[in-house]
1. Any idea how many residues of the range 10-29 are within 16 Å of the ligand (Cβ to nearest atom) and free of Cβ contacts under 8 Å to residues at least 60 places away in the same chain?
2. Considering each residue of the range 1-39, count those that are closer than 23 Å to PHE101 by Cβ and among the basic types (Lys, Arg), and give that number.
3. Output the helices (runs of 4 or more DSSP H) that fall wholly within the range 70-155 and possess 2 or more residues being surrounded by fewer than 16 Cβ atoms within 10 Å (Cβ to Cβ) and aliphatic (A, V, I, L, M), or say none.
4. Residues of the range 63-100 being within 29 Å of LEU136 (Cβ to Cβ) and either among the hydroxyl-bearing types (Ser, Thr, Tyr) or more than 21 Å from the chain's Cα centre (by Cα) (or both), which ones?
5. I need every pair where a residue in the range 109-134 that is closer than 19 Å to ALA97 by Cα and among the aromatic types (Phe, Trp, Tyr) has its Cβ under 9 Å from the Cβ of a residue that is more than 8 Å from the ligand (Cβ to nearest atom) and part of a helix (DSSP H, G or I), sequence separation at least 6 or different chains.
6. Answer with yes or no whether ALA84 is away from the ligand (no atom under 12 Å from the Cβ), at pLDDT 95 or above and over 25 Å from HIS127 (Cβ atoms).
7. Does the range 3-12 include one or more residues that are in contact with a Leu (Cβ under 9 Å, 6 or more places away or on another chain), at negative phi and exposed (fewer than 13 other Cβ atoms within 10 Å of the Cβ)?
8. Please specify each residue of the range 27-46 satisfying the condition of being more than 30 Å from SER152 (Cβ to Cβ) and assigned to a helix (DSSP H, G or I).
Amino acid sequence: MLTTGFLGTRADALVDVAMVFFAVAPFLMTQALRLAAQRRYRAHRRLQVGVLLGAIVAVVLLEGSIRFGHAVDAFTVSAYYGTATLAGLFAVHLVVAVPTFIGWCVLAILSWRRFTGVLPGSFSPRHRFWGWLTYLGLWLTCLTGLGLYVLSFAL
Ligand code: HEM
């Protein structure tokens, strides 16, 4: 088996690092929302931006493995390669992940700029609505992503 990562699957270390991050990210996001609920807004902002930057790094690692590493070789020997199950899960993952990521970036930039002006304030209701939607999107993205990892590199 083509194991160069540390999780004991066919994935390489770049993909494994990204997976560990995406397994932890929803819990970090939960903690960030808890900080907001406790009115520790600066800590909330720091953690939000930290998790978002971590997600960007993790996506770059995945992309690096796909383009320059062993991800594609390891993936083509999966028992699920070419199946409707894998294609369907991948489609659901993309449909959720892309808007979530874009929404998350936009919300972070707008919120950063409005902090102490209209946040908390008139921007709060929209911030909360899009924040909770992003939170839900992140959970779905990470769960489908972990499912894809198992089907592609472990089975
Ligand atoms: C990056 C800059 C950010 C700043 C400065 C910021 C600031 C704040 C503030 C001041 C509140 C309290 C609003 C109020 O109750 O009036 C809040 C709550 C909240 N924020 Fe952020 N936020 C940021 C990023 C984000 C992001 C990217 C998300 C996306 C997940 C998010 C999700 C939430 C949620 C869901 C709440 C409501 C929590 C609750 O219901 O108790 N925030 N944020």
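1. Matching residues across the range 10-29 total 3.
2. Number of matching residues: 1.
3. 84-114, 124-149
4. SER65, SER78, TYR80, THR83, ALA84, THR85, THR100, listed by residue number.
5. TRP130/GLY103; TRP130/VAL106; TRP130/LEU110
6. Considered against the rule, which asks whether it is away from the ligand (no atom under 12 Å from the Cβ), at pLDDT 95 or above and over 25 Å from HIS127 (Cβ atoms), ALA84 comes out as yes.
7. no
8. LEU33, ARG34, LEU35, ALA36, ALA37, TYR41, ARG42, ALA43, HIS44, ARG45, ARG46, listed by residue number.
The values are calculated or read from the model by the stated rules, or taken from the named source; none is laboratory data. Keep in mind that this is a model prediction, so the values were computed, not measured. Every residue, glycine as well, gets a Cβ built from its backbone with ideal geometry; the counts of neighbours run over all protein chains shown.
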